[in-house]
Number of protein chains: 2
Amino acid sequence: MITSSAGPRPADFTDVRAANLAVVLRFVRDNAPCSRADIAASTGLNKATVSSLVADLIDRRLVREVGLTENRVGRPATMLVLDGSPYASIGLEINVDYLTAVAVDLAGERLLSWRRSFPGATATPAQAVSAIAALTRRVISRMTRDRRQVLGVAVAVPGLIGLSGTVVVAPNLGWREVDLAGDLAMALGDPGFPIQVENDANLAVLAEHRFGPLGGTPNLVYLTGEVGVGAGVILDGRLRRGGQGFSGEIGHVQIDADGPACRCGRTGCLEAVAGIGVFVSATDPAEVEPAIEEVVRRAKAGDRPTLDLLARVGRDLGKGIAIATNLLNPEAVILGGYYVPLAPWLLPAAAAEARGRTIAADLGGCQIVASTLGYGAAALGGAARVLDSVDSGRLPSLHAS
Amino acid sequence: MITSSAGPRPADFTDVRAANLAVVLRFVRDNAPCSRADIAASTGLNKATVSSLVADLIDRRLVREVGLTENRVGRPATMLVLDGSPYASIGLEINVDYLTAVAVDLAGERLLSWRRSFPGATATPAQAVSAIAALTRRVISRMTRDRRQVLGVAVAVPGLIGLSGTVVVAPNLGWREVDLAGDLAMALGDPGFPIQVENDANLAVLAEHRFGPLGGTPNLVYLTGEVGVGAGVILDGRLRRGGQGFSGEIGHVQIDADGPACRCGRTGCLEAVAGIGVFVSATDPAEVEPAIEEVVRRAKAGDRPTLDLLARVGRDLGKGIAIATNLLNPEAVILGGYYVPLAPWLLPAAAAEARGRTIAADLGGCQIVASTLGYGAAALGGAARVLDSVDSGRLPSLHAS
DNA sequence: TTGGTTCGGCCAGTGTCCGAACAAACCCTT
DNA sequence: AAGGGTTTGTTCGGACACTGGCCGAACCAA
C-alpha cells in the first residue's frame, strides 16, 4: 500500500516488493496457519506473486511451512506460519526501582521476561547506563545462545524523550540531557541492530496496539498509572509524537485549580489529583506496590474513606480522560500501571465523569478499559516497536552466522 | 514514497507511478519554475523517469512548459510550472450568518472568493441545503464557463461531522443528523466529482497547512475564535479526525471549575471563558463583528477594563493552549476567527500562561501565532482538502469536453 | 479408474524505473 | 569562426516485479 505522503522520496520497485512482503507477512501473522492460495485470494495479489513473496520470506526464515491440509477436496495446501525461531526483538523498561527486559519472537511469543531491582532514583546516568547495558548484554547473549538474531532494542524511559532518542529530562530518575541511545550503543560496542529510546507511555500504547485485546484499533490513548501520569497516543494506526517527541504529557494539565500542589511546582495537575501518589504518601518507590495492595484490600472490605477517595480520584481521572476524548476522539482510553488493580473502583466514576464532559454523545464511541498486559507493558511495547518496523517493510535478512 | 501501513492492500506499479507523479507534481509546486534536470537532481529520480513523468503530467495539463533559460552555460533548460488553468477546486463554509465560497486553481491561486449572507440560525436544513446548492451551482457554472474542470467540493460546517460526511450535530445551525454530503450531491444531480463535508476547524487547519506562513509544518493545531471554539489537529502532516471524526472538540474542556455557565450546560468550558461570546453579549450574529471592532478600538485607546478583560481571556486561552501543547506537542498553535483582530492583546498573555503550564521547556518548541488567512479560512481549507487528494496521488485526467 | 477440484509452479507479457549513451543547444576560449 | 566544454533532455537496452494463463500434482467422490 502506497500512501505517498509528504516525503520527497520517490518510489521504486524495491518499495513495491517491500510493501507486498509486509502485506504477506502481516497476513500470515493474522491468519496463520494459511496457504499461499488463501493469501492470494484475500490480498488480491496474483498467485505467482504470492509464491515469489513467500519464497522470499522463507529464505529470510520469517515464514515456515508446517505441513499439508487433509480431508479436503482438491490438492492439499501447504500451510504457512510465522517462523519465530531465528529472530528476537528486545524491549527494556527503566523505572525508579526496577529494570524490566522482555524478548519476543516474530510471532509475538514471549521468549523471556526478566525483572531486576535497580536504584534508578540514586544512580548516576553513567551507572544506570552500565547497569542497563549489562542487562541488555545478558539478554542478547541468551538470544544468540538460542541462535536468534536480535532485530533491535527499544528502551522505555519515564520522561521527555527527544525524537533522536536523547532523554531530555526524566524527573524520577534525576536525568537531564542523557544521550541514552548513543551511550547504550557505545556500551554494547556498536551492535548490528538499532537501539531506540522512547517514552514509557508511548511504548506502552504500542504494546496495547499490538498485543492487547484492542489490538489494531487505529486510535488509542494509554494512561500510565504511576506516581507520574503520562499518555501514549496512537492516531490512525501510528504513534504520534509531536514536533519534538514530547506529546502525551497530560500529567501536568490542570484539573483542579484549587487542587493540591504538584511536585512540578504547579497546582492541581492531573498527576497531583489522580496520580498514584494520592494513595501513597511514602517516597520510597518500593513501598508503592504494597500500599496499593492495601488500598485494594480496604476497598474490597468496603472501607468508606477508601471508597470515597477512589471515587474522587476516579472522577478526577475522568476529567483528564475527557480532555483526551474531546480533543482526540479515540476508540479507547486504556488505563495502565497501578490503575489496573484499582480499576474496579476507578473505572465507573471515571467513565461517568468523562461521559458527562465529552461533547460527543456516548464518549464519541470511546471505551475506557484497564490494561491487561501487566506491569511490563512498556518493555513489551519496546519489543512491539521493533516488530512494527519489521511489519512496515524493513525486513531482516539472516546474517552469515 | 511507500509507507505501507496497516491496510491489507498490496502495492503494484500503478502505485509507484502515482507516487512518483505526485512527487514530481509537489516538487514543481514548491520549486516552480524548474527544469526536468532540477527535478531529477533533487528527487533522486532518473532523468529518463522524470521525462516520462513530466510528459504524463503535461498530458493531464497539470504542468506546463513556459520557455527556456538563457545566459547560462550548457543547453538551455525548458522550465516547468504548474498549469492552473484547466482545473478548479471549490471550498464552501457554512456559518450562522453567511456562506463563503472559494475556488482555487491547482497552484493555489484564488479564482474567486464570494461571501453572501445566509440565515443559518433560522433556516431549516432543507432550506439551507438548497441555498448552498444554489451557490455551489453558481460557482461551478462560473468554473465551467472558464473551461475549468471541477476537481471537488468540500464544505466546512461548524459542528460534529461524522467520517462519512453527515452532520451529527451543529448547535449554532440547529442541525441534527443531516446527511449534507448526500443531500448536496443529490441537489447537484450527481456531478462527476466528490463532495465532502468536514468540520470547520479541521478545514481551517488544512488551509493553514497549505497556504499559511507555517505551511508544511507537520504538527499544527488551529483554534477557531468564534462564539464556539474548536480545534483542528494536524499531526505528522495529516489531519487527524479520531475514531468517529469528532476530534478537536476542545471548546468544552473545563478550564475553570468556578467559571461561568456554558450554553452546553456545563460550567467553565473553554468557549465559555475564552470564546468570543465573552466580548459579545448579543445573540444576533450580525452584531458580533462590530462588537469586536469596538473592543479593538477600546483596547487601542488603552481602556483599562477592556485591557484587563483581554488579559484574562488571554490567560484562559493560554490554559486551553497548554492542553494542546502538553498532549500533542505541535510546532505551532494558530489562532483564527475573531481571535485574529484581538491577537495583539491576547497573544502575550496566552503565550505566557501556556508557557508556564507546558511541561516541556519553551512550549516544546511551539509557537503561538494569529492566522493570516482572514475570515474565509475554513472555505479555503475546503479547497485545500481537494488539492491534498490530488497531491497524494489521485491525479485527475481531462474529461472529453 | 475417471472426473472434478484445488494448489502451486512455470513462463511469457507488460509496465516501470534505471544506467548509459547520445544529440541538441548554449557559452567560452582561441 | 571554429572547437571544446557544459548542461539538458531523449532514446535505448536491461532489470525488476506483478499479471494472466497454462499445466502438473495431489486429493476426494463416484
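Things worth noting here:
- Least to most buried among B:LEU220, A:LEU112, A:LEU317, A:LEU151 (fewest other Cβ within 10 Å first): A:LEU112, A:LEU151, B:LEU220, A:LEU317
- Residue range of chain A that is longest and free of trypsin sites (Lys or Arg not before Pro) which are both DSSP loop and sparsely packed (at most 11 other C-beta within 10 Å): A:148-401
- The B:ASP12 and A:GLU109 beta-carbon pair, evaluated with R₀ = 45 Å, returns a calculated FRET efficiency of approximately 0.85.
- Straight Cα distances below 19 angstrom link A:LYS300 to the aspartates and glutamates A:GLU289, A:ASP308, with same-chain residues fewer than 8 positions distant left out.
- Remark: the Cα gyration tensor places the range B:260-325 in the oblate category, a/c being 1.5 or greater and a/b not exceeding b/c.
- Cα long-axis angle, helix B:339-357 against chain B (0 to 90 degrees, to the nearest 10): 80
- Remark: spin-label model distance B:ALA286-B:SER397 equals 5.1 nm, labels positioned 7 Å along the Cα→Cβ axis.
- Summing Lys and Arg as +1 and Asp and Glu as -1 over all other residues whose Cβ lies under 12 Å from the Cβ of A:ALA11 gives a net charge of -1.
- Amide proton proximity set for A:CYS269, modelled H, under 5 Å, gap of 5+: A:ILE255, A:CYS262
- Candidates A:VAL16, A:VAL288, A:VAL227: whichever shows maximal mean-square fluctuation once chain A is modelled as a Gaussian network with Cα springs under 10 Å: A:VAL16
- Here the dipole of chain A is about 820 debye; that uses its Cα centre as origin and unit charges on the Cβ of Lys and Arg (positive) and Asp and Glu (negative).
- Point-to-point label distance, A:ARG145-A:GLU70, nm (Cα→Cβ direction, 7 Å offset): 3.8
- Given +1 at the Cβ of Lys and Arg, -1 at the Cβ of Asp and Glu and no other charges, the dipole of the protein assembly as shown around its Cα centre is 1480 debye to the nearest 20.
- Mean separation of Cα contacts under 8 Å, 6 or more apart, over the residue count of chain A: relative contact order %: 16
- A:ARG297 versus B:ASP97: modelled label distance in nm, points set 7 Å from Cα along the beta carbon direction: 6.6
- Relative contact order (percent, whole number), the range A:156-242, Cα cutoff 8 Å, 6+ residue spacing: 21
- Cα gyration tensor category, rounded, prolate or oblate, for the range A:304-401 with a/c compared to 1.5: oblate
- Footprinting exposure proxy for B:TRP175, B:TRP114 (fewest neighbouring C-beta atoms within 10 Å first): B:TRP114, B:TRP175
- Helix A:304-328 and the long axis of chain A differ in direction by around 50°, with both axes built from C-alpha atoms.
- Positive-end ranking of A:GLN254, A:LEU363, B:ALA126 along the dipole of the protein assembly as shown, with charges on Cβ about the Cα centre, is headed by B:ALA126.
- The angle separating the long axis of helix A:288-300 from the principal Cα axis of greatest extent in chain A is about 70 degrees.
- Net charge over other residues, Cβ less than 13 angstrom from the Cβ of A:ILE195 (K, R count +1; D, E count -1): -2
- Inverse of mean 1/r across different Cα pairs in the range A:215-269, Kirkwood, Å: 12.5
- Whichever lysines have a C-alpha closer than 24 Å to that of B:LYS319, once near sequence neighbours (fewer than 8 apart) are set aside: A:LYS319
- Fewest-first sequence of A:LEU373, A:LEU214, A:LEU346, A:LEU68 by Cβ atoms within 10 Å of each Cβ: A:LEU68, A:LEU214, A:LEU373, A:LEU346
- Along its first, second and third principal axes, ordered by size, the protein assembly as shown spans 74, 67, 63 Å in Cα coordinates.
- The charge dipole of the range B:290-371, taken about its Cα centre with unit charges on the Cβ atoms of Lys, Arg (+1), Asp and Glu (-1) only, comes to about 180 debye.
- Alpha carbon centroid spacing (whole Å) that separates the range A:237-256 from the range A:359-377: 17
- When Rg and the Kirkwood radius Rh are both evaluated on Cα atoms of the range B:308-349, their ratio Rg/Rh stands at 0.98.
- For the range B:349-398, fraction of C-alpha pairs farther apart than 11 Å, in %: 76
- Shape class for chain B, computed from the alpha carbon gyration tensor (a ≥ b ≥ c): prolate, with a/c not under 1.5 and a/b above b/c.
- Counted charge near A:PRO158, where neighbours are those whose Cβ lies closer than 10 Å (Asp, Glu -1; Lys, Arg +1): -3
Quick note: the coordinates plus some simple rules give every number you see, no bench work behind them. Small disclaimer: the values here were computed from a predicted structure and weren't measured. A quick note on method: Cβ atoms are made from the backbone with ideal geometry, for glycine too, and the neighbour counts reach across all protein chains shown.
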